[in-house]
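Below is one structure, written out as C-alpha cells; the observations come after it.
Bear in mind that the values in this text are calculations on the coordinates, not laboratory data. Remember, predicted model here, so these are calculated numbers, not experimental data. Please note: Cβ atoms are built from the backbone with ideal geometry, for glycine as well, and neighbour counts cover all protein chains shown.
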Amino acid sequence: MPEFIVIDIETANSDISSICAVGLVHFKGGQLFNSLSFLVDPETHFSRKNISIHGIRPEDVVGKPKMREIFPLLLTVLDGHVIAHHTHFDRSALKKISQMYGFPELPVTWVDTAAVVRGTWDRYARSGYGLGNLAEDLGIEFQHHDPREDARAAGLILVKALTESGLSLNEWISRTGSPIRQKSNKQPTDGNALIHADHRGYFAFTKKSRIDKAINTLSGIIHGITIDAEINPEEIEFLHRWLEDHRFLAERHPFNEVIPIVHRILLDGVITEDEKEDLTWVFGRLQSTEYADRTAAHMQRLHAILSGIASDGRITTQELIGLSAWLSEHEHLATIWPYDEIKSVVTDVLSDGKIEEAEHRMLLSFFQEFTAILDDRTIRQPTAFDDGQRLVGVCAVKPKIRFGSETFCLTGKSFRYSREEFTGLIKDRGGRVVSSMSSKVGYLIVGSDGNPCWMYACYGRKVEKAVELRKAGARVLIVHENDFHDAVKTSD
C-alpha cells in the first residue's frame, strides 16, 4: 500500500476561503501513521448554518493562527507528497488561499478520493459518494465534520477502494481525470442513497416535486448570482458545488436542457447576454408552475435567489436593488413568510442608499440561512420579525424548557433520536406530545435533519403554523433540538 496524506477543512461560512479548521492524516502501508488537526482564525464571520454543521464558534478561534501564517508551513511540510481529499472542496479552498495571499500552489500530487470511489464501485458512480454515506456503507465509524475524523475516514475509504479495484494509487491518479464509468441500470439514480433513512419512504411519490423544486432552485441561484449583472469566482464556485450535489439529475429531463448552458457559463466564468436570454427562455418553459402551486414555486425561487446573492460572502447595493425589483414583481407572496420580512429589511437598508457594516452583517447572516446547497437540513436559527419589527430568530435563544404538564409538538427528523424516543423522553418528564400545531402547544421542537421532500425548502408547515400562532399572540416556543437535548440533560 502506498503512502499518502489526507487533508480536510471546515469553513466559517459559505466562502470557501473562510477556513476555520484543518485536519491532516498520514497513511503508510494502508495504516494510519500520524494525524493532527488545528483551528484557524478565518478573519471573517461565522454563519449559523456552518456552526450547526461543525460546532466551531467564533470564540473557539480567538488567538488561533491565520491561513496566511499557516500556508507557508504547508508549502514546506507537504512538498512532494500525494495529498488525498474527498471531492474538490478542500483543494479549491486551498487554491483560493494561495491566490488571496500570493503564494504558489501547493507542490503536491492530488487525488480525489470521491473520484476513486466512483470509478471503483458502480453503485456510487452518480450518487451516494458523500463521505457520511460511504463511511456508513463501508462500516467506518467516525465523527462527521471533525476535520481529523473526516480525513481519517476518507483515507480508510481510499484504502478500501484501492484494494477493491486492484489498481495502484499512481494508476488512479492518472485515471481520475478520465470519464467516470457508467452506473448499472439496476442501481437507483435519484440520489436516494444520500438521504436520511427516515425520509426514503417519501421518495417514491415525490420524485417529480423534487425535480420541480431543483429547477426552481437552480433558476433562483443563477438569478441571485447575476442580479448585479456580474459573476465572480466565489459565485462560480458556489454554482459548481450546487451542480456537484445534483449530479444525479444531469441526464434527466428537464435538467438535460439546462445543464449544458450552465456549463458554458462555468467554462469561461462569464455570463453573456445571449446566455442570460437562453437561461431565461429555458427556465420560463420549465417552471414548475405547470405542475405545482405557483406560490410554492416562487417561494422556492426566492429562497434560492437569497442564497445566490450571499454565495460570495458580500452583498452590494446593486444586488439589493435587483432583489427589491423582484419582490415588487411578486407581491402576491405578501403575508407568506419570509417575503414580508425580506421586503421590510431590504426597503429599510436601501432607504439611505448605502449598506452600513452592521446592516451588511445582518443581511449576510439572514441570507446565508437560505444557502441552497444545504437546504435539505433544518436551519439553525431561521429568522422572522417580532412585534417590534426587529429581525429575530424563529428558534428561541437559550429557551427555558419546562416538561411538567406542558404540551410538545415535533417536526422534522432528529440526528439523535427517533420520534418514539423523543416522545418517551417528554412523557417520562411529565409532558405530553401531540401531532399537530394549535394554540395549546407550548413547545415546537425542530429536528436538525429537515425533510428534503417539503415543498417550501427546509421549514415545514408546522414551523409556519407556529410562526402564525406567535404573531397572533400564542405563547408557543419554537425550540431547536440542540436546546431540547440540553434541557433533557439538565432535568436528569
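Here are the numbers for the structure shown:
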{"item": "Neighbour-count ranking [beta-carbon atoms within 10 angstrom, fewest first] of SER435, SER98, SER174", "result": "SER435, SER174, SER98"}
{"item": "Label zone at THR407, where the point sits 7 Å out along the Cα-to-Cβ direction: the stretch 424-438 residues whose backbone N lies under 14 Å", "result": "431-438"}
{"item": "FRET efficiency, 1/(1 + (r/R0)^6) with R0 41 Å, evaluated for ARG314 and LYS28 via beta carbons", "result": "0.45"}
{"item": "Computed label-point distance, nm, for sites SER174 and LEU75 using a 7 Å Cα→Cβ extension", "result": "3.1 nm"}
{"item": "Stretchable slack from GLU329 to SER439, in nm (0.36 nm times residue separation minus alpha-carbon distance)", "result": "36.2 nm"}
{"item": "Stretch gain in nm, segment SER165-GLU420, where the contour uses 0.36 nm per residue and the Cα spacing is subtracted", "result": "87.6 nm"}
{"item": "Range of Cα positions in the stretch 4-177 per principal axis (Å), largest first", "result": "46, 33, 28"}
{"item": "Radius ratio Rg over Rh of the stretch 26-108, counting only Cα atoms, Kirkwood formula for Rh", "result": "0.98"}
{"item": "Entries in LYS95/LYS354; LYS400/LYS471; LYS28/LYS95; LYS49/LYS440; LYS343/LYS440 that, when Cα-Cα distance is taken, lie over 24 Å", "result": "LYS95/LYS354; LYS28/LYS95; LYS49/LYS440; LYS343/LYS440"}
{"item": "Theoretical FRET efficiency, 1/(1+(r/R0)^6), r = Cβ-Cβ of THR347 and LEU36, R0 41 Å, to 0.05", "result": "0.25"}
{"item": "For the stretch 65-104, convex hull volume per residue from C-alpha positions, Å³", "result": "75 Å³"}
